[in-house]
Every structure is written in structure tokens, then in C-alpha cells.
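The values are calculated or read from the model by the stated rules, or taken from the named source; none is laboratory data. Note that the structure is a prediction, hence the values are computed from the model and not measured. Reconstructed Cβ throughout: ideal geometry from the backbone, glycine too, with neighbour counts over all protein chains shown. All accessible areas refer to the heavy atoms of the entire protein, side chains included, with ligands and DNA or RNA removed. Shrake-Rupley method; radii C 1.70, N 1.55, O 1.52, S 1.80 Å.
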Amino acid sequence: MVSEHGIKLAIHLITKHFGTVVSKVCETLIRKGALTLEQLIRFTQLQKEQVRNSLLVLIQHNCAQPFILENQDGIKTHTTQYLALFDNILHRPRFPKFMEIVKHQLDDELCVVVLEGLLRNGRLNLKQIADNASEGKQNPVTVRESLCKLLAVRYVERCPAPEPVVYPVVEETTIKKRGAKFAKIFQPPLTIEQRVLEASVPGEAIRFSLAADTTGFNADRETNSDDIPMTTSVEENVFKEELIPWRANFEEFMRILRHKAMIENVRTRLDDAAATVLSAILEATRTAEKNVKVQNSVPLSLETIFTELVKTETGRTMTIDRVKATLVQLGCPSRVSDDSYTIDLNNIIELARNEEVESIVLKRYGTDAYRMFRLLSKANRFLETDQIAESTLVEKKEAPKLLYRLWKDNYLHMEKLQVMAAKQSRFILWKVDKPLLWEYVLDEMYHAALNLNLRMDFELEKDDEVLFRVSKDKREGSKTLKTKHNRLQNVYYLLGSSLMNLDDALMLFHDF
């Protein structure tokens, strides 16, 4: 469930990019969930044409997904419903980060231009991409090659099915025998958004393929020889390729950013060698990851890890023994069964979150509160007030005050314990409830990001003419205008930099 500040941030971004009418439709979808066109018209009280056009804008920019829901009797409703994609809306300010990734990895300016066109326009076919690249001055063959490069590294993907059919969840009614042999790990049911996205994504065989002849793939994403035509002309294939819509693959970009965050965290906590080994493992297993929030890396043998390591300059300086020691340092001793190694990626993300929250506590409440919070975070259990004060060397009179402040601001969980004995005693116990704390911190980050966006918009609107419209010669001729321009430019860069850093922390708690 998205918090109120998260909804307000998403609506602000949509309003800023597409206007109030589109944002009103988007807000209704976020707050009320999947709705039909008729329901949207009733809730928004807008005209049918306005709602339809707003939906087309949201779909074009990958902020909404239409789908058809099948009922329990296996009958399609034939009524299209629309679902807002909250995560994709939050990705919009991250477009510069995505382009920087492509620029650094591919070192091809045309690939950056192709990606920029897809990010700016949402969905484009090959002909539109070629026309968009340098205003049609680029050779279509060269543009096609750049698109193939982006498809090879999975930064661009084929657009999802326009109206995928979502089937009802089948509940297991059979009673299974008790015992460890029949024990099954509980998996929470998929949300409607997860089910819609899963149903809309094309099969791997065509998702990252430029080939237009996809008639051999049925609804179950399997090849059916009966569906494949006997002959297809080259001209027909080329014509079909030009009409296939493409979009940026946000999932792959978020995977890269997650890997980068984990590598930098390991580099800071441990050393460069550990970061190099982790980077090699993540690079070798990137295509095997099924989703962004994978908990453990794919098992790899020592030989495979070392083969990937020697591709880098730093890795070539490491010996087998040093690699083994670094793997143990990363907390992944070899598995006895097949001598392979796997890393607990979820633990690295959790440690990074802990460090982020601890830094917030240190800045807001001081060193003593930081030491007590860190003790409780590491202990991950209830501790008594005097025990906390003694362990952190904080005065016993100050400790309850600081702990109470942290509890009042939702950073700690408190329980009162009363012991009935010869002498009645009362104890106050404290604990860090991490899941609840992370939700609260994430909501604070949404709030801070919204405030920074509003402040940046205010500064731009207040002196937009001085910052963008006044010519350089006119500014140079007036000392007042020049001073005002420099101040506004510094404020703009400072707010933008703060917003980018805050977004890094926000991704840590929401996307990773």
C-alpha cells in the first residue's frame, strides 16, 4: 500500500509532466485501484473524451496498463480495466541516471540518443526512432544497429501486450500431510499489479528480439509449428519490424542501480577486493536474475567467478586464495554439495538500510542517541533502559529522554513490563522494529522529495525569466542581473543534487 506522501509525490510528477487533467485521472487510479472507463468518468467527473485521452497519455508513457480480468467461471468480462503503475511514475526523474548508465557501458552516442527518445516519448516504433534520432539525419541502418545494441544488453524491450487477460487466483483446497517432508514455504499472493505485469510481459524469445516474425508464439509463449507460415517475404518482415513498438526496460536499469548500490556499500564496509569480487559475481549472473529484488545470487563455481574476475584490471591482480578469502569475507562459504558460492544480497541491502537510518539518527538526535539506536538495531530484540545506558556509556538520566524521543518519532518500539514479586518492579523495554521503521523512513523520504520538487518549481517560476530567458550579454551588462542569475543557478543545482541523492536513498527502501 502506497503512503499518502508517496501518492502526492507521484501526482506532482504527473501534473508537472502532463497537466492537471491527466493527473486527476492518474490520482483516481492510484487511490481506488483498477477501474473501467465508465468508473473513471464517474469518479473524476470529467468528460469521456478527456478521460480517454488522459489514459492514452498514461499508457503511452508507461504509467498505466490496460487489462481484461477473467471471472471465476473462466469467462472473460470483455471490459477493459486500467491500472496505474506507481513505480514507473517514480522512475521518471531517474531518466538522467538511465542515460548515464548507457553512456558509460556502451560508449555510443547514438545509443544514448535512441534511449533518450524512448524515455521522452514513452513508446516508439523503429521508424519513429529513426525519425527522432537527430531529427531524421541519422541513417536508419545505423539507428537499427544501435537499437540492436540496446536490446542485447536488455535496456530496451518490446512493449507489453495491449490488453492482457488476467486469470483468477486458484486457491489450493487440498489438505497436505504434516511434517518437514511436506512443509512448504509460505508465499504471499501476488497483487493485482504484479499479476497484470506478469501477464503483459512478452516471452523471453521475443521480448528482446528485433525479428518481426513472431506468429509462431502462442498465448502460452511457446513455439507452435502449426502457426508458423511457410514463407514470408523480406519486405514484409522489414515492414513488420518498423511497426513493432519499443520502450525502455526500467527493470534492467533498476537492477543495474541495485548492483551499483550493493557494490559501493561493500566497498565502504569491507574493501576494494570484496567489491571487485561482488561485481564479478553480479555481472556473471545478471541475466539469470528473475526479478530486481532477488534475495540470493545464482550459485557459481570458483572457476567461473575467477574467469569473470580476470576480465577486469583489478581482478587480474588477485590470486585464487585471495578470492576464496574474500568470498568468506562476503559471508558465502562454499556449499559442500557442489563447491559453488552464493551471496546473500538481501543482507547487503539490509545493512545498507541500517546505515542510512543510523546516519539520520546521528544527524537528528546526536551521538548518544546514535549509539543506543545502533545497539538496538544490531541486537534485534528488546533491551531494558538501564542495560542500554550501561552498554553505550550514556548517563542513566539522559538515556530515557533520548529513547523516548526516538520512540515518539517512530524510530523505536516500546513495551512496558511489570513484574509482580516481593517488590513490584516496572521495566521499559525498547526494540527497533525494522519493517515498520523502514516504511516510516520511506514515507519521510517521499515527503522530503515532494518538498524539494515543490521548492525547485517555486524557484523556477519566481525567476524563470532571469534564469533562462535573459540573454547572456544582457546579464553581463547588469551586475544585479548577473548576481541574481548566479544565485538562482546555485540554488537550482543545489536542489537538484539534493534530490538526486535523496532518490538514491529512496530507491534503497522502495525499489531494492
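The table below lists the values:
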item	result
Residue in region 292-315 that is under 23 Å from Lys97 (Cβ atoms), of a type in the set (Lys, Arg) and part of a helix (DSSP H, G or I) present	no
Residue check for His17: touching a His at 6+ places or on another chain (Cβ under 9 Å) and either charged (D, E, K, R) or surrounded by fewer than 16 Cβ atoms within 10 Å (Cβ to Cβ) (or both)	yes
Single residue of Ala84, Ala64 found to be closer than 30 Å to Ala261 by Cα, surrounded by 15 or more Cβ atoms within 10 Å (Cβ to Cβ) and touching a Gly at 6+ places or on another chain (Cβ under 9 Å)	Ala84
Test result for Thr268, at pLDDT below 90, assigned to a helix (DSSP H, G or I) and among the polar types (S, T, N, Q)	no
Which listed residue is open to solvent by 30 Å² or more (accessible area, probe 1.4 Å) and either outside any helix (DSSP H, G or I) or of a type in the set (D, E, K, R) (or both), from Arg31, Arg94	Arg31
Test result for Asp87, of a type in the set (Asp, Glu) and more than 22 Å from Ser200 (Cα to Cα)	no
Residue satisfying condition, being farther than 15 Å from Glu358 by Cα and out of contact with any strand residue (DSSP E or B) (no Cβ under 7 Å at 6 or more places or on another chain), within set Ser391, Ser377	Ser391
Number of the exception - Thr79 against (1) in contact with a Ser or Thr (Cβ under 7 Å, 6 or more places away or on another chain); (2) at pLDDT 95 or above; (3) open to solvent by 50 Å² or more (accessible area, probe 1.4 Å)	(2)
Residue list for region 348-375, filter: over 27 Å from Ala274 (Cβ atoms) and in contact with a helix residue (DSSP H, G or I) (Cβ under 7 Å, 6 or more places away or on another chain)	Tyr365, Asp368, Ala369, Met372
From the options Thr342, Thr304, residue that is in contact with a Cys (Cβ under 7 Å, 6 or more places away or on another chain) and open to solvent by 30 Å² or more (accessible area, probe 1.4 Å)	Thr342
Conditions (1) open to solvent by 70 Å² or more (accessible area, probe 1.4 Å); (2) in a loop (DSSP other than H, G, I, E, B): number failed by Asp131	(2)
Unmet requirement for Leu417, which otherwise passes all of (1) at negative phi; (2) surrounded by 12 or more Cβ atoms within 10 Å (Cβ to Cβ); (3) touching a residue at least 12 places away in the same chain (Cβ under 8 Å)	(2)
Tabulated pairs, region 228-253, first over 28 Å from Ile89 (Cα atoms), second assigned to a helix (DSSP H, G or I) and modelled with pLDDT of 70 or more, C-beta under 8 angstrom, 6+ apart or interchain	Glu241/Leu126
Subset tally (residues that are open to solvent by less than 60 Å² (accessible area, probe 1.4 Å) and either under 30 Å from Leu126 (Cβ atoms) or modelled with pLDDT under 70 (or both)) for region 152-203	19
Region 84-111 residues that are touching a residue at least 24 places away in the same chain (Cβ under 8 Å), paired with ones that are open to solvent by 60 Å² or more (accessible area, probe 1.4 Å) and in a helix (DSSP H, G or I) (beta carbon under 7 Å, 6 or more apart)	Arg92/His17; Leu106/Lys149; Asp108/Lys149; Cys111/Lys149
Residue in region 43-55 that is closer than 27 Å to Arg158 by Cα, in contact (Cβ under 8 Å) with a residue 40 or more places away in the chain, crowded, with 21+ Cβ neighbours inside 10 Å and in contact with a helix residue (DSSP H, G or I) (Cβ under 9 Å, 6 or more places away or on another chain) present	no
Residue within region 62-79 that is acidic (Asp, Glu), assigned to a helix (DSSP H, G or I) and at negative phi present	no
Selected residue (only one of Arg322, Arg286 is among the basic types (Lys, Arg), in contact (Cβ under 8 Å) with a residue 24 or more places away in the chain and either touching a strand residue (DSSP E or B) at 6+ places or on another chain (Cβ under 7 Å) or open to solvent by 70 Å² or more (accessible area, probe 1.4 Å) (or both))	Arg322
